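Q: Here it is: the structure, laid out below.
Read-outs: derived from the displayed coordinates by stated rules, not from any lab. Keep in mind it's a predicted model, so treat the numbers as computed, not measured. Because the Cβ atoms are built from the backbone with ideal geometry, glycine has one as well, and the counts that use them run over all protein chains shown.
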Amino acid sequence: MARVPSVLTIAGSDSGGGAGIQADLKTFAAHGLHGLSAIAALTAQNTQGVQAIHVPPRAFLKAQLDSVFSDFDIRAVKIGMLANAGIIDAVADALECHRPKHIVLDPVMVSSSGHTLLETRAIRRLVERLLPLATVITPNIDEAVLLLDHAIDDDEQAEGALVELLTMGAKAVLLKGGHLSGRKVIDRLDTGKALYEFEHPRLKVSGHGTGCTLAAAIAANLALKKSLPDACEAAGDYVFKALESAYNPGTSKLSILKHIQ
């Protein structure tokens, strides 16, 4: 029997169940794919914020990665929270060794509650080692600001940021527009050959795990053999529907996406 195709997430675990590994696995399952995980960080987290972070030994992360790559038909990899330079190096080493076809890099740096999730000194390592390996990177505006070290305040600057990020070594960039103002949310994809825009109405929902879910959905759609523009469009539609149906299991106003098949 042919092996069922799998998608791997390399990210942080969210004990609150809304983002990170938990959101990614829900997304993979909703797309009919087998989800694998390599946990790069553990967080004590709920809808009110991040209370603590534990980073496992680099050797243990390597063992997780070697284990899944040795046994499963991994069609795509989604990368999320990596915490520090040592973890970035471990992930880059594994990807250079195993060479998965598709890599979606979500450069997670700050949580929804404002907690730092990536050491500042590790940003340069992420750019040097992971950007060149990624099929596409999916920063939000705040993450793009940290990568580029300048403000992005409007649509024109957002389009300029795409070009700058490609110049830094990315093969393709999906710049999420949720942090810009306007009645619509516009995500912009630049493949280096063409520019695409994906629009959705702005919902009055404070969602948790939207970025993780979007990157995971892109990886899932790439694994299902969609083109990158089609994968990004389908992923945006998936997140919109999940956010439209979001619910509040915690005591704060932060909503958790409802993953719908």
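Q: Relative to the Cα centre, what is the charge dipole magnitude of the chain, using +1 at the beta carbon of each Lys and Arg, -1 at the beta carbon of each Asp and Glu, and rounding to the nearest 20 debye? Numbers along the way, then the final one.
A: On the way: 25 positive and 28 negative charges, 140 e Å.
Around 680 debye, computed over the chain.
Q: Seen from all sides and averaged, what is the projected area of the convex hull of the Cα atoms in the chain, in nm²? It would help to have the intermediate numbers written out before the result.
A: Numbers: hull surface 51.0 nm².
The directionally averaged projection comes out at 12.8 nm².
Q: Sequence gap at least 6, Cα distance under 8 Å: using those rules, report the relative contact order of segment 148-261 to the nearest whole percent. Working shown, then result.
A: Working: 151 pairs, mean separation 20.5, N = 114.
Computed value for segment 148-261: 18 percent relative contact order.
Q: Taking the Cβ of each residue in THR251, THR116 as the centre, tally the other Cβ atoms inside 10 Å and list the residues starting with the fewest.
A: On the way: THR251 9, THR116 12.
Lowest count first: THR251, THR116.
Q: In addition: Please state the equivalent ellipsoid semi-axes for segment 75-123: what are the square roots of 5 times the Cα gyration tensor eigenvalues, largest first, in whole Å? Spell out each step's value before the answer.
A: On the way: eigenvalues 98, 35, 7 Å².
Working through the eigenvalues yields semi-axes of 22, 13, 6 Å.
Q: Further question on the same structure: Which one of GLY182, LEU146, ALA38 is farthest out on the positive end of the charge dipole of the chain, using unit charges on Cβ (Lys, Arg +1; Asp, Glu -1) and the Cα centre as origin?
A: Of the options given, the answer is ALA38.
Q: Helix-derived [θ] at 222 nm for the chain: sum -39500 (n - 2.57) over DSSP H runs of at least 4, divide by residue count, nearest 500?
A: -11500 deg cm²/dmol
Q: Just grab the label-to-label distance for HIS150 and LYS204, each label 7 Å out from Cα along the Cβ direction, in nm (one decimal).
A: Inter-label distance under the simple model: 3.7 nm.
Q: Can you tell me how much longer the chain between SER245 and HIS179 gets when fully stretched, taken as 0.36 nm per residue apart minus their C-alpha distance, in nm with one decimal? Don't jump to the answer; show the numbers that get you there.
A: Values: separation 66, 0.36 × 66 = 23.76 nm, distance 2.04 nm.
Contour length minus the Cα-Cα distance gives 21.7 nm.
Q: Would you mind ranking GLU233, GLU164 by Cβ crowding within 10 Å, fewest neighbours first?
A: Lowest count first: GLU164, GLU233.
Q: Just to verify a number: FRET efficiency for LYS101 and GLU164, C-beta to C-beta distance, R0 = 25 Å, to 0.05? Walk me through the intermediate numbers first.
A: Details: r = 27 Å, r/R0 = 1.07.
Computed FRET efficiency for LYS101 and GLU164 comes out at 0.40.
Q: Roughly how many whole Å is it from the C-alpha centroid of segment 85-107 to that of segment 213-261?
A: Taking the Cα centre of segment 213-261 as reference, the centre of segment 85-107 is 23 Å away.
Q: Give the calculated FRET efficiency between LYS193 and ARG124 to the nearest 0.05, with a Förster radius of 22 Å applied to their Cβ-Cβ distance.
A: Numbers: r = 27 Å, r/R0 = 1.24.
Computed FRET efficiency for LYS193 and ARG124: 0.20.
Q: Which trypsin sites (Lys or Arg not before Pro) in segment 94-182 pass both tests, a DSSP loop state and at most 15 other beta-carbon atoms within 10 Å? The partial results should precede the final answer.
A: Numbers: sites: LYS101, ARG121, ARG124, ARG125, ARG129, LYS171, LYS176; in loops: LYS101, LYS171, LYS176.
Here the trypsin sites (Lys or Arg not before Pro) that fit, given the DSSP loop and packing criteria, are LYS101.
Q: For segment 113-152, how big is the tail of P(r) above 13 Å, as a whole percent of Cα pairs? Provide the component values of the computation, followed by the final result.
A: Working: 469 of 780 pairs.
Of the Cα pairs, 60 percent sit more than 13 Å apart.
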